[in-house]
Amino acid sequence: MSDCLFCRIARGEIPASKVYEDDEVLAFNDINPVAPVHFLMIPKQHLASLDDAQAGHQALLGKLLLLASKLAKTQGLEQGFRTVINTGRGGGQEVFHLHIHVIGGGNIPPMVKRN
Ligand code: 5GP
Ligand code: ZN
């Protein structure tokens, strides 16, 4: 998936404001933040969505979640944070490279507005 937007960011072909990087994971600030802190975590390996994850991705997915909490703290989210993973068109996913949104700071409204 060489033309995938987030693969290109992972390869450094498109600039991003990096929050964290290692050999498997990249975290960078969302270009259109919905809160004072809003960054995305991606596996560097292309994986379109959670629907494409296999048993072999289990350790990587676990690593991403554990890292979400650590990085939230480094970004000042001591009081907590929201994680969102949109999956597929039915889940509102727009970029088809698996990513975890980490969102916080300011007032976080209820995730689903009820009437
Ligand atoms: P999705 O709706 O797929 O869960 O979220 C995609 C996210 O990627 C959106 O929050 C959007 O603002 C962010 N995004 C889209 N293009 C870029 C980009 O080129 N750079 C960065 N940093 N974020 C992007
Ligand atoms: Zn990709």
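The values are calculated or read from the model by the stated rules, or taken from the named source; none is laboratory data. Not measured: the values here are computed from a predicted model. Using ideal geometry, Cβ is built from the backbone for each residue, glycine included, and neighbour counts are taken over all protein chains shown. Note: areas computed on protein heavy atoms with side chains; ligands, DNA, RNA excluded. Shrake-Rupley method; radii C 1.70, N 1.55, O 1.52, S 1.80 Å.
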Of the conditions (1) free of Cβ contacts under 8 Å to residues at least 60 places away in the same chain; (2) under 12 Å from LEU98 (Cα atoms); (3) within 15 Å of the chain's Cα centre (by Cα), the single one that ILE9 does not satisfy is (2)
Name every residue in segment 1-25 that is of a type in the set (A, V, I, L, M), within 11 Å of ligand 2 (Cβ to nearest atom) and open to solvent by less than 30 Å² (accessible area, probe 1.4 Å), in order of residue number.
-> ILE9, ALA10
Scan of segment 40-65 for residues that are open to solvent by 80 Å² or more (accessible area, probe 1.4 Å) and either over 24 Å from PRO109 (Cα atoms) or of a type in the set (D, E, K, R) (or both), ordered by number | GLN45, ASP51, GLN54, ALA55, GLN58, ALA59
Among GLY76, GLY92, GLY105, GLY80, which is the only one that is at positive phi and either touching a residue at least 60 places away in the same chain (Cβ under 8 Å) or hydrophobic (A, V, I, L, M, F, W, C) (or both)?
-> GLY105
Checking GLN93 against (1) near ligand 1 (Cβ under 10 Å from one of its atoms); (2) more than 15 Å from LEU40 (Cβ to Cβ), which single condition isn't satisfied?
-> (2)
Selection from segment 6-58 of residues that are charged (D, E, K, R), out of contact with any strand residue (DSSP E or B) (no Cβ under 9 Å at 6 or more places or on another chain) and over 20 Å from THR87 (Cβ atoms) | ARG8, ARG11, GLU13, ASP22, ASP23
When only residues in segment 71-102 that are loosely packed, with under 10 Cβ neighbours inside 10 Å and more than 16 Å from ligand 2 (Cβ to nearest atom) count, which is farthest from ASP23 (Cα to Cα)?
-> GLY90
